[in-house]
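The values are calculated or read from the model by the stated rules, or taken from the named source; none is laboratory data. What you see is a predicted model; the values in this text were computed from it and never measured. In this analysis, Cβ positions are derived from the backbone assuming ideal geometry, glycine residues included, and neighbour counts consider all displayed protein chains. Quick note on the areas: whole protein, heavy atoms, side chains included, nothing else; ligands and nucleic acids left out. Shrake-Rupley method; radii C 1.70, N 1.55, O 1.52, S 1.80 Å.
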Amino acid sequence: MLINHMKIPWSIPNIEEEDKKAVKRVLDSEWYSMGKEVKNFEEKTASYLGINHAVGVNNGTSALDIALKCINLKRDDEVIIPALTYIATGNAVLYNCAKPVFTDIDDTLNIDTSLIEENITDKTKAIINIDLGGNVSNYDNLLKISKKYNVPLIVDGAQSFGSEYKGVKCCTHGLINTTSFHAAKIITTIEGGMVFTNDKELFLKAQAIRNQGESSKYIHGYLGNNYRMTDLIGAIGNSQISRFNNTLKQRRQMANYYKENLKNVEFPKELPDTENCYFFFLIIVKNRNKLNQHLNKEGIDTRITYPMPINEQKQFKKYSNKTFENAKKTSESIISIPIYHSISQKEQDYIVNAINKFGV
Ligand SMILES: Cc1ncc(COP(=O)(O)O)c(C=O)c1O
């Protein structure tokens, strides 16, 4: 047992006094549902990303469902997804009765773009990409493939809001892009999400689908859902985005501190000319389960992101009996360690020591 045993959570939501004031401002205004706060948050977020349109929704899963409804997915259409991702990426494909087609990952822990073309058939209707933990994918390759086969790229940017590829913000490379503002995210509205596009028609369609498919008052041109964002949430978002550059800068400093001080662990490969937002700080180790138990025993909370390739999850098994070697190997060797706005250097040192002393 270490002296000064600490309890360090994996994440703490970044809620400041100004966020609380923003909520109070809305509660005092007597307009709580989707209104001017949401519109303002959409405009600020689109402007931050450098994209034309944004549609605020109740979470990142809804945003993905809207993206897939916007491209009219039909039963038995195929959608290419990475073999290692959060469950929501694949679930959105199933909600639309389409078939997920898994593709292994590379050293960046993102989809291996050299394996995508062999999975394209005349039923392929989309490629969904994620940037695991904020580590940026090869968007030049993804866009080349999307163009060559005329298959839209949908970016599930739930983990990469704030990341950049060659000076262009992530969550913008796809025909339609989505993100999540869940409690653990770098910018959080506790629950929330957004859809982004440069295409005006898709924007109007996404707006309608968010609100029961309503294209004009009580006229419902699409099958939609209630995916609306409230003004309470929009107000938190407005408050958060105004300090986001600073939050991101601090986060990158914390990540660099880990990189400089952790010994005998591997980090996911980062592509040149990319900027990671470090939603996750990921380490890759041989003795993963033992190290994880050790860290938890020392009071350090962790996450295994993710414990199995998505095709091995129960509801996805029937779509493939292949083993995706890199996704499998990664799911057995990866740990996500604490990184959040208020983690102190003393806490980071404690984590670094616990890992370095363990001798992985
Ligand atoms: C890759 C990915 N896609 C989608 C989602 C879903 O977002 P939400 O939890 O806001 O529904 C998440 C959530 O973390 C995610 O990591």
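Counting alpha carbon pairs within less than 8 Å and at least 6 residues apart, what relative contact order, in whole percent, applies to the chain?
Relative contact order of the chain: 24 percent.
Where is the GNM fluctuation largest for the chain (alpha-carbon springs, 10 angstrom cutoff): Arg303, Arg228, Arg251?
Between Arg303, Arg228, Arg251, it is Arg303 that shows the largest mean-square fluctuation.
For Gln293 and Asn226, what does the FRET efficiency come to when R0 = 45 Å and r is the distance between their Cβ atoms, rounded to the nearest 0.05?
The computed FRET efficiency comes out at 0.60.
Would you mind working out the magnitude of the charge dipole of segment 127-243 relative to its Cα centre, with +1 at each Lys and Arg C-beta and -1 at each Asp and Glu C-beta, to the nearest 20 Debye?
For segment 127-243, the charge dipole is close to 200 debye.
At a Förster distance of 35 Å, what's the computed FRET efficiency of Asn72 paired with Glu164, Cβ-Cβ distance as r, to 0.05?
Rounded to the nearest 0.05, the efficiency is 0.70.
In a Gaussian network model over the chain where Cα atoms closer than 10 Å are linked, find which of Cys171, Cys97, Cys277 has the largest mean-square fluctuation.
So, out of Cys171, Cys97, Cys277, the one fluctuating most is Cys97.
How would segment 238-360 be classified by its alpha-carbon gyration tensor: rounded, prolate or oblate, with rounded meaning a/c under 1.5 and the a/b versus b/c comparison settling the rest?
Since a/c reaches 1.5 but b/c is at least a/b, the shape of segment 238-360 is classed as oblate.
At 1.4 Å probe size, with every protein chain present, just tell me what the per residue accessible area of the chain comes to in Å².
Accessible area per residue: 45 Å².
Indicate the gyration tensor shape class of segment 1-91 (rounded, prolate or oblate), computed on the Cα atoms with a ≥ b ≥ c the square roots of the eigenvalues: a/c under 1.5 is rounded; otherwise a/b larger than b/c is prolate and the rest oblate.
Cα axes put segment 1-91 in the oblate bin.
Please compute the net charge surrounding Gly224, taking Lys and Arg as +1 and Asp and Glu as -1 over other residues with Cβ under 15 Å from its Cβ.
Its environment carries a net charge of +3.
Among Phe324, Phe280, Phe41, determine the one that fluctuates most according to a GNM of the chain built with springs between C-alpha atoms less than 10 Å apart.
Looking only at Phe324, Phe280, Phe41, the biggest GNM fluctuation is shown by Phe324.
Calculate what fraction, in whole %, of the accessible area of the chain sits on carbon and sulfur atoms when a 1.4 Å probe is rolled over the protein chains.
49
Which trypsin sites (Lys or Arg not before Pro) in segment 41-92 pass both tests, a DSSP loop state and at most 13 other beta-carbon atoms within 10 Å?
Lys74, Arg75
Starting from the Cα of Phe267, step 7 Å along the direction of its Cβ; do the same at Asp301; then give the gap between the two resulting points in nm.
2.4
Please compute the net charge surrounding Arg252, taking Lys and Arg as +1 and Asp and Glu as -1 over other residues with Cβ under 14 Å from its Cβ.
Cβ neighbours under 14 Å give a net charge of -1.
Report the calculated FRET efficiency for Met308 and Asn356 (r = Cβ-Cβ distance, R0 = 25 Å), to the nearest 0.05.
Between Met308 and Asn356 the formula returns 0.35.
Sketch the reach of a paramagnetic label on Glu18 as a point 7 Å from Cα along Cα-to-Cβ, and name the residues of segment 172-193 whose backbone nitrogen lies under 17 Å away.
Label zone hits: 186-190.
For every other residue with a beta carbon closer than 13 angstrom to the beta carbon of Leu202, add +1 if it is Lys or Arg and -1 if Asp or Glu, then tell me the sum.
Net local charge, Leu202 excluded: +2.
Tell me the accessible surface of Ser146 in square angstrom (1.4 angstrom probe, heavy atoms of protein chains only), to the nearest ten.
Its heavy atoms expose roughly 20 Å² to the probe.
Mind running the shape call on the chain? Use the C-alpha gyration tensor, a ≥ b ≥ c as the square roots of the eigenvalues: rounded below 1.5 for a/c, prolate if a/b tops b/c, oblate otherwise.
Here the chain falls in the oblate category.
As a test question: what accessible area, to the nearest 10 Å², does His182 have when a 1.4 Å probe is rolled over all protein chains in place?
70
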